[in-house]
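The values are calculated or read from the model by the stated rules, or taken from the named source; none is laboratory data. Quick caveat: nothing in here was measured; it's all calculated off a predicted structure. Virtual Cβ from ideal backbone geometry, glycine too; neighbours counted across all protein chains shown. Heads up: the accessible areas ignore ligands, DNA and RNA and are worked out on the full protein's heavy atoms, side chains in. Shrake-Rupley method; radii C 1.70, N 1.55, O 1.52, S 1.80 Å.
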Amino acid sequence: MPQNRNVLPLPYLVAATSPAIAQDGPAADAGERPEERSYVAIGVSGTDLGPLNDRLSANSYPTFSTELLSIGGGTYRVVAGRILLGAELNGLLAPSQGFEGRDVFLGGGYGLLSLGYWIEPTPRLRAFPTAGVGAGGLLLNIGDDGSAHFDDVLADPNRSATLSTGSLLVSLGAGLEYQFGTPGGDGLRLGLRGGYLLSALSSDWQLGQSRLGGGPDASMQGPFLRLTVGGVRAALGDATGDKQ
(Lines give C-alpha, C1' and ligand atoms only; values in the text may rest on other atoms or scores of the structure.)
Protein backbone atom coordinates (compact mmCIF):
# COMPACT_ATOMS: atom_id res chain seq x y z
CA MET A 1 0.00 0.00 0.00
CA PRO A 2 1.42 3.52 -0.81
CA GLN A 3 2.71 5.35 2.19
CA ASN A 4 2.07 8.99 3.08
CA ARG A 5 5.09 10.93 1.87
CA ASN A 6 4.71 13.50 4.64
CA VAL A 7 5.15 11.03 7.49
CA LEU A 8 8.56 11.37 9.04
CA PRO A 9 10.47 8.26 10.18
CA LEU A 10 9.23 8.47 13.74
CA PRO A 11 10.68 5.08 14.81
CA TYR A 12 14.07 6.76 14.75
CA LEU A 13 12.96 9.50 17.14
CA VAL A 14 13.03 9.55 20.92
CA ALA A 15 9.24 9.73 21.03
CA ALA A 16 9.04 9.68 24.81
CA THR A 17 9.89 13.39 24.95
CA SER A 18 7.03 14.55 22.73
CA PRO A 19 4.47 15.28 25.49
CA ALA A 20 6.90 17.75 27.05
CA ILE A 21 7.12 19.81 23.86
CA ALA A 22 3.47 20.83 23.94
CA GLN A 23 3.59 22.63 27.29
CA ASP A 24 5.86 24.51 29.62
CA GLY A 25 7.23 22.91 32.73
CA PRO A 26 6.05 23.74 36.22
CA ALA A 27 6.51 27.32 37.31
CA ALA A 28 9.48 28.17 39.48
CA ASP A 29 9.15 30.38 42.52
CA ALA A 30 10.18 33.97 41.90
CA GLY A 31 13.93 34.44 42.19
CA GLU A 32 14.71 30.72 41.93
CA ARG A 33 16.46 28.97 39.10
CA PRO A 34 13.96 27.24 36.76
CA GLU A 35 13.74 23.51 37.28
CA GLU A 36 12.11 22.51 34.01
CA ARG A 37 11.28 24.27 30.72
CA SER A 38 10.11 23.39 27.24
CA TYR A 39 10.39 25.13 23.87
CA VAL A 40 9.65 24.96 20.17
CA ALA A 41 12.37 25.49 17.57
CA ILE A 42 12.68 26.40 13.91
CA GLY A 43 15.77 26.83 11.78
CA VAL A 44 17.98 25.23 9.18
CA SER A 45 20.05 22.05 9.32
CA GLY A 46 22.84 21.06 6.96
CA THR A 47 22.98 17.51 5.61
CA ASP A 48 25.38 15.31 3.67
CA LEU A 49 23.33 14.49 0.55
CA GLY A 50 26.07 14.65 -2.12
CA PRO A 51 26.18 10.93 -3.04
CA LEU A 52 22.37 10.68 -2.95
CA ASN A 53 21.98 13.72 -5.23
CA ASP A 54 24.56 12.24 -7.63
CA ARG A 55 22.54 9.02 -7.85
CA LEU A 56 19.26 10.89 -8.33
CA SER A 57 20.76 13.09 -11.05
CA ALA A 58 22.22 10.08 -12.86
CA ASN A 59 18.68 8.67 -13.09
CA SER A 60 17.21 12.01 -14.24
CA TYR A 61 15.46 12.64 -10.91
CA PRO A 62 15.45 16.10 -9.28
CA THR A 63 18.03 16.75 -6.57
CA PHE A 64 17.67 18.42 -3.17
CA SER A 65 19.37 21.25 -1.32
CA THR A 66 21.72 20.12 1.43
CA GLU A 67 20.16 22.73 3.78
CA LEU A 68 16.81 21.48 5.08
CA LEU A 69 14.12 23.23 7.10
CA SER A 70 14.22 22.11 10.73
CA ILE A 71 11.11 22.19 12.94
CA GLY A 72 10.90 20.67 16.39
CA GLY A 73 11.10 21.27 20.09
CA GLY A 74 12.35 19.93 23.36
CA THR A 75 12.51 20.16 27.11
CA TYR A 76 15.28 20.60 29.65
CA ARG A 77 15.82 20.56 33.39
CA VAL A 78 18.52 22.24 35.48
CA VAL A 79 19.80 20.06 38.32
CA ALA A 80 22.52 20.56 40.90
CA GLY A 81 22.45 24.28 40.23
CA ARG A 82 24.11 24.29 36.79
CA ILE A 83 23.82 20.89 35.09
CA LEU A 84 21.37 20.92 32.17
CA LEU A 85 19.61 17.69 31.16
CA GLY A 86 17.66 17.92 27.92
CA ALA A 87 15.78 16.02 25.25
CA GLU A 88 14.68 17.21 21.82
CA LEU A 89 12.91 16.11 18.64
CA ASN A 90 13.51 17.68 15.23
CA GLY A 91 11.95 17.05 11.84
CA LEU A 92 13.76 17.92 8.59
CA LEU A 93 11.89 18.87 5.42
CA ALA A 94 12.72 19.74 1.82
CA PRO A 95 10.19 21.06 -0.73
CA SER A 96 8.70 18.21 -2.77
CA GLN A 97 9.42 18.20 -6.50
CA GLY A 98 7.53 16.88 -9.50
CA PHE A 99 9.00 14.37 -11.95
CA GLU A 100 7.12 12.73 -14.84
CA GLY A 101 3.80 12.58 -13.03
CA ARG A 102 5.41 11.63 -9.73
CA ASP A 103 6.00 13.60 -6.56
CA VAL A 104 9.50 13.26 -5.03
CA PHE A 105 9.80 14.12 -1.34
CA LEU A 106 12.79 14.12 1.03
CA GLY A 107 12.49 14.46 4.79
CA GLY A 108 13.69 13.00 8.04
CA GLY A 109 13.83 13.41 11.77
CA TYR A 110 15.84 12.63 14.87
CA GLY A 111 15.80 12.68 18.65
CA LEU A 112 18.60 13.55 21.07
CA LEU A 113 19.32 13.36 24.78
CA SER A 114 21.72 16.12 25.84
CA LEU A 115 23.92 17.25 28.69
CA GLY A 116 25.01 20.84 29.21
CA TYR A 117 26.42 23.38 31.64
CA TRP A 118 24.29 26.37 32.68
CA ILE A 119 25.97 29.82 32.76
CA GLU A 120 24.27 33.16 33.63
CA PRO A 121 26.21 36.20 32.37
CA THR A 122 23.25 38.36 33.52
CA PRO A 123 20.04 37.55 35.47
CA ARG A 124 18.04 37.32 32.20
CA LEU A 125 20.67 35.85 29.87
CA ARG A 126 21.71 32.19 29.96
CA ALA A 127 24.41 30.44 27.94
CA PHE A 128 25.09 26.73 27.77
CA PRO A 129 27.48 24.45 25.88
CA THR A 130 25.83 21.09 25.18
CA ALA A 131 26.62 17.61 23.90
CA GLY A 132 23.99 15.07 22.88
CA VAL A 133 23.50 11.56 21.54
CA GLY A 134 20.56 10.03 19.72
CA ALA A 135 19.32 8.51 16.49
CA GLY A 136 17.44 9.52 13.38
CA GLY A 137 16.80 8.79 9.75
CA LEU A 138 16.12 10.10 6.27
CA LEU A 139 13.16 9.23 4.07
CA LEU A 140 12.88 9.46 0.28
CA ASN A 141 9.37 9.04 -1.10
CA ILE A 142 8.47 8.73 -4.79
CA GLY A 143 4.72 8.75 -5.32
CA ASP A 144 1.83 10.02 -7.41
CA ASP A 145 1.33 13.76 -7.77
CA GLY A 146 -2.47 13.32 -7.65
CA SER A 147 -3.08 13.54 -11.40
CA ALA A 148 -3.12 9.80 -12.16
CA HIS A 149 -6.00 8.33 -14.20
CA PHE A 150 -7.70 5.10 -13.12
CA ASP A 151 -6.31 3.28 -16.17
CA ASP A 152 -2.81 4.56 -15.31
CA VAL A 153 -2.97 2.71 -12.01
CA LEU A 154 -4.17 -0.46 -13.73
CA ALA A 155 -1.26 -0.26 -16.17
CA ASP A 156 1.30 0.49 -13.42
CA PRO A 157 -0.06 -0.43 -9.96
CA ASN A 158 3.30 -0.06 -8.22
CA ARG A 159 3.25 3.73 -8.29
CA SER A 160 4.84 4.59 -4.95
CA ALA A 161 8.06 3.74 -3.12
CA THR A 162 9.37 4.91 0.23
CA LEU A 163 13.08 4.46 0.94
CA SER A 164 14.62 5.10 4.36
CA THR A 165 17.95 4.96 6.14
CA GLY A 166 18.95 5.57 9.77
CA SER A 167 22.03 6.35 11.83
CA LEU A 168 23.33 7.09 15.31
CA LEU A 169 23.95 10.78 15.95
CA VAL A 170 26.21 12.92 18.13
CA SER A 171 25.55 16.63 18.60
CA LEU A 172 28.04 19.26 19.77
CA GLY A 173 26.84 22.81 20.20
CA ALA A 174 25.91 25.76 22.39
CA GLY A 175 22.94 28.00 23.05
CA LEU A 176 21.80 31.36 24.36
CA GLU A 177 18.45 32.12 25.99
CA TYR A 178 17.00 35.47 27.03
CA GLN A 179 14.28 35.64 29.68
CA PHE A 180 11.62 38.36 29.43
CA GLY A 181 9.75 39.37 32.56
CA THR A 182 10.90 38.23 35.98
CA PRO A 183 14.32 36.53 35.83
CA GLY A 184 13.86 32.81 36.47
CA GLY A 185 10.09 33.07 36.03
CA ASP A 186 7.73 31.56 33.47
CA GLY A 187 7.72 34.47 31.01
CA LEU A 188 8.58 34.42 27.32
CA ARG A 189 12.06 33.09 26.50
CA LEU A 190 13.81 33.57 23.16
CA GLY A 191 16.89 31.57 22.34
CA LEU A 192 19.39 30.61 19.69
CA ARG A 193 21.02 27.19 19.38
CA GLY A 194 23.75 26.15 16.98
CA GLY A 195 26.30 23.42 16.53
CA TYR A 196 27.27 20.43 14.45
CA LEU A 197 25.58 17.06 14.07
CA LEU A 198 27.80 14.01 13.50
CA SER A 199 26.46 10.80 11.97
CA ALA A 200 27.84 7.33 12.67
CA LEU A 201 26.92 3.69 12.03
CA SER A 202 24.45 4.40 9.24
CA SER A 203 22.16 1.60 8.10
CA ASP A 204 21.54 0.45 4.53
CA TRP A 205 18.62 1.93 2.63
CA GLN A 206 15.39 0.00 3.09
CA LEU A 207 12.26 -0.39 0.97
CA GLY A 208 9.60 -1.20 3.53
CA GLN A 209 11.16 -4.04 5.53
CA SER A 210 13.54 -5.10 2.75
CA ARG A 211 17.18 -4.05 2.77
CA LEU A 212 18.55 -2.52 -0.44
CA GLY A 213 22.15 -3.10 -1.44
CA GLY A 214 24.30 -0.56 -3.24
CA GLY A 215 22.54 2.49 -1.85
CA PRO A 216 24.29 5.89 -1.82
CA ASP A 217 25.61 7.47 1.35
CA ALA A 218 23.30 10.10 2.87
CA SER A 219 23.08 11.44 6.40
CA MET A 220 21.97 14.35 8.55
CA GLN A 221 25.58 15.25 9.32
CA GLY A 222 26.23 18.97 9.15
CA PRO A 223 25.86 22.30 10.97
CA PHE A 224 22.56 23.52 12.39
CA LEU A 225 21.13 26.81 13.63
CA ARG A 226 17.73 27.23 15.30
CA LEU A 227 15.62 29.92 16.92
CA THR A 228 13.84 28.69 20.05
CA VAL A 229 10.76 30.07 21.79
CA GLY A 230 9.57 29.00 25.23
CA GLY A 231 7.11 30.18 27.84
CA VAL A 232 4.51 31.31 25.29
CA ARG A 233 1.54 30.01 27.26
CA ALA A 234 2.76 31.67 30.45
CA ALA A 235 3.39 34.95 28.62
CA LEU A 236 -0.11 34.92 27.08
CA GLY A 237 -1.60 34.14 30.48
CA ASP A 238 0.22 37.09 32.05
CA ALA A 239 -0.98 39.37 29.25
CA THR A 240 -4.63 38.39 29.80
CA GLY A 241 -4.42 38.24 33.56
CA ASP A 242 -4.90 34.47 33.75
CA LYS A 243 -3.19 32.57 36.52
CA GLN A 244 -0.79 29.76 35.56
Fill in the blank from the handout: Applied in sequence order to region 165-177, the curve 6.51 cos²θ - 1.76 cosθ + 1.60 (Karplus, θ = phi - 60°) yields integer Hz couplings, x standing for Gly and Pro, of 8, x, 7, 7, 10, 10, 10, 10, x, 7, x, 10, 9
Practice task
Arrange the peptides 173-183, 208-218 so that the one whose residues have, on average, the most other Cβ atoms within 10 Å appears first.
Solution key: 173-183, 208-218
Handout entry: Sites Ser203 and Phe180, calculated FRET efficiency, Cβ-Cβ separation with R0 30 Å, nearest 0.05
Key = 0.10
Problem - Label point distance in nm, Val170-Val133, each placed 7 Å from Cα along Cα→Cβ - result: 0.9 nm
Completion exercise
Nearest-0.05 FRET efficiency for Ala161 and Leu192 at R0 = 51 Å, using Cβ-Cβ distance, is 0.85
Completion exercise
Taking protein heavy atoms only, a 1.4 Å probe, and rounding to whole percent, the accessible area of region 62-125 owed to carbon and sulfur comes out at 61 percent
Completion exercise
The simple spin-label model distance between Ile42 and Thr63, using points 7 Å out along Cα→Cβ, in nm, is 2.9 nm
